[in-house]
Amino acid sequence: MTVNKMAVVGCGIMGCGIIQVAVQSGIEAVGVETSEAGAQRARDRINAGLDGTLKRGKITEEQAAKARELFTVTTDLGAVAGADLVVEAVYEDVELKNDILGRIDKLVGPETFIASNTSTIPLVILAAATTRPERVVGLHFFNPVPAMKLVEVIKTPVTSDEDVAALVELTQRMGKSPVVVNDGPGFIGNLLITPFFNDAIRAFEQGVAPMESIDDVMTLGFNHPMGPFRLADLVGLDIVHAQGVSIYNETKDPKYFPPKMLTQYVRLGWLGRKTGRGFYRYDS
């Protein structure tokens, strides 16, 4: 099956990024938000993303203009009907995702792919919210979507090889480098990065070294682009926390349980760059 039109439900940073890379690749895309204010923020964010890509010389003026013609954002969930692929990109909450996936299931045709951008939740839990678990797949894009090449294409025991191949081809059309992953909590990326975040925070809590020194060790000693504290602030501490809780709930492995400091910062609303304060401060 060739994907010529896709829909994205949930137009936050991730959803807008997915729409941007889709339309840059010539794929028609419709985004769905819960309010007109949210829809307008999404339109502005996608256009700003296209502007930035244009300024960096990654696309031409003509390509940018064509991309802008290929996307719309609406508050009508019924707009997903007719899409070859619907990507759910709402917050990492099982009940919310299952509610959205169940509603999408009733609106689209039997051949439509339904994908979740979940980063940690086992896909079989989400697939069970639909009447077509064999057509539900995981497409875990990494943030920021326009810059990051990786997409985890997640399959369940009932996903066909043909459907996996179709989604690998789609993500390649979108300029990504897909990796096929079997279903499981955290998949590959977050299964590995969550203990990295947690161990760094615990080392700071225990007084092993200041967080700046821990970041320096990872950037200067291991050539990481940024250390765990700056990376966690970029991802969002609420997201890091939720990922840890989700994987811990499935595995009961204590290395995934969020450190006390991380939980406290999330409760204080210190979520990283997006709020102006996380482990570091980002105000003037």
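Computed from the coordinates by the stated procedures, all read-outs in this text should not be read as laboratory data. Note that the coordinates shown come from a computational prediction; the quantities given were computed from them, not determined experimentally. All Cβ positions, glycine included, derive from the backbone under ideal geometry; neighbour counts span all protein chains shown.
If R0 equals 25 Å, the separation of the Cβ atoms of S35 and A81 corresponds to a calculated FRET efficiency of about 0.75.
Among K155, K5, K255, K97, the order by Cβ neighbours within 10 angstrom, fewest to most, reads K255, K5, K155, K97. Figure legend: label point modelled 7 angstrom from the Cα of K106 along Cα→Cβ; residues of region 120-148 with amide N under 16 Å from it are 129-132. Size descriptors for region 205-262 (Cα atoms only): Rg and Dmax, in that order, 12.7, 35 Å.
Full extension of the chain segment joining V124 with M1 gains 42.1 nm, where the gain is 0.36 nm per residue of separation less the Cα-Cα distance.
For region 161-284, the residue among A209, L192, F257 whose Cα projects farthest onto the positive side of the dipole built from Cβ charges is A209.
In the chain, the DSSP beta bridges split such that about 20 percent are antiparallel, to the nearest 5.
The phi-based Karplus calculation (6.51 cos²θ - 1.76 cosθ + 1.60; θ = phi - 60°) puts the 3J(HN,Hα) values of region 25-41 at 9, x, 9, 5, 9, 10, x, 10, 10, 8, 9, 5, 4, x, 5, 5, 4 Hz, whole numbers, x for Gly and Pro.
Remark on V8: its backbone amide H falls under 5 Å from those of V30, G31, V32, V87, a criterion applied only to residues 5 or more positions apart or on other chains, H modelled at 1.01 Å from N. In this Cβ point-charge picture (+1 for Lys and Arg, -1 for Asp and Glu), region 5-182 has a dipole of about 480 debye about its Cα centre. Computed from the alpha carbon atoms alone, the convex hull of the chain holds 138 Å³ per residue. In the chain, the DSSP-assigned H stretches of four residues or longer account for a calculated mean residue ellipticity at 222 nm of -14000 deg cm²/dmol, using -39500 (n - 2.57) per stretch and the full residue count as denominator.
Just checking the listed ones, I114, I18, I239: in the Gaussian network model of the chain with Cα springs under 10 Å, the one fluctuating most is I239. Which lysines, on any chain, are close to K58 with Cα under 20 Å apart, when same-chain ones fewer than 8 places away are left out? Of all the lysines, those that pass the test against K58 - Cα under 20 Å, at least 8 places apart if same chain - are K66, K149, K176.
You can think of it this way: the chain between Q264 and E69 has 65.8 nm of extra reach, that is 0.36 nm per residue less the Cα-Cα gap.
Roughly what would the spin-label model give for E250 and E95, points 7 Å off Cα along C-beta, in nm? Label-label distance for E250 and E95, simple model: 2.0 nm. Rounded to whole numbers, the Karplus 3J(HN,Hα) couplings from phi for region 238-247 are 5, 5, 4, 5, 5, 4, x, 4, 4, 5 Hz, using 6.51 cos²θ - 1.76 cosθ + 1.60 with θ = phi - 60°, and x at Gly and Pro. Just so you know, the Rg over Rh for region 77-167 is 0.93, from Cα atoms, with Rh as the Kirkwood radius.
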